[in-house]
1. Looking only at segment 9-48, which residues are under 30 Å from S147 (Cβ atoms), surrounded by fewer than 17 Cβ atoms within 10 Å (Cβ to Cβ) and at pLDDT 85 or above?
2. Give the residue, chosen from E150, E107, that is outside the structural domain of D14 (by the TED database) and open to solvent by 80 Å² or more (accessible area, probe 1.4 Å).
3. Could you list, in sequence order, all residues of segment 113-137 that are at pLDDT 90 or above and closer than 23 Å to R86 by Cα?
4. Quick check on this structure: which one of K158, K162 is in contact (Cβ under 8 Å) with a residue 12 or more places away in the chain, under 18 Å from the mean Cα position of the chain (by Cα) and open to solvent by 50 Å² or more (accessible area, probe 1.4 Å)?
5. From the list Y126, Y134, Y115, Y141, exactly one residue is at negative phi and surrounded by 17 or more Cβ atoms within 10 Å (Cβ to Cβ). Which is it?
6. Tell me the residue from E150, E140 that is within 20 Å of P4 (Cα to Cα), modelled with pLDDT of 85 or more, of a type outside the set (S, T, Y) and out of contact with any Pro (no Cβ under 6 Å at 6 or more places or on another chain), please.
7. Do the conditions hold for K97, that is, is it among the basic types (K, R) and open to solvent by 50 Å² or more (accessible area, probe 1.4 Å)?
Amino acid sequence: MYKPELTSYKINFDKGDVDESKVLELLIDILGQPDNDFINACKIINLDSKESNIVGYQVHLTEEIIKVIKNRLGELGVNIGEKFIRDYGHFHITIYKEDVKSNILLETEDEGIAYEKEDNSWDVYYIEGSLEEYLRVDGEYFIFNISNDEINSLEDIKERFKKWVDEHKERMK
């Protein structure tokens, strides 16, 4: 079963709100200054105005850090679930084919994308590549879900995607 070492969350803060500033200070005290491995500043687009007091962060937390933050936020009377929004992961899957003639060139064969879901499973989509014409699809095309108990690493998802692509190539012959 795959269990990510770090879990990602999104958090927005209003710089003008004293209580939210305390929460942000607490977070920086625990995780360090923004733009390290655990906390990154995010661009927040405010459609209502060109000026905004809202700042956004993406944080990557271990189970231990989540417990520390939960306890420290509890001391401030803040529930972690009210402030932290789970930021589910995704990754692009590319299959490369070596060009034997040049011996160094790798070209994209097919590409997919995997989205993490709340239950820790992954939905895998075919998004572009040489099978597009055969599948007659535009945009994303759902191909399978892989449950958390079926994978030991993200590489397992890539291998299953490659197997799916290879099966469809055989059908095309």
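1. K10
2. It is E150.
3. Passing the criteria: I113, A114, Y115, E116, K117, S121, W122, D123, V124, Y125.
4. Matching residue, one of K158, K162: K158.
5. Testing whether each residue is at negative phi and surrounded by 17 or more Cβ atoms within 10 Å (Cβ to Cβ) leaves just Y126.
6. Result: E150 is the single residue among E150, E140 that is within 20 Å of P4 (Cα to Cα), modelled with pLDDT of 85 or more, of a type outside the set (S, T, Y) and out of contact with any Pro (no Cβ under 6 Å at 6 or more places or on another chain).
7. The answer is yes for K97.
The values are calculated or read from the model by the stated rules, or taken from the named source; none is laboratory data. Quantities reported herein were computed from a predicted structural model and do not represent experimental measurements. We place every Cβ from the backbone using ideal geometry, glycine too, and count neighbours over all the protein chains shown. In case anyone asks, the SASA skips ligands and DNA or RNA and just uses the protein heavy atoms, side chains included. Shrake-Rupley method; radii C 1.70, N 1.55, O 1.52, S 1.80 Å.
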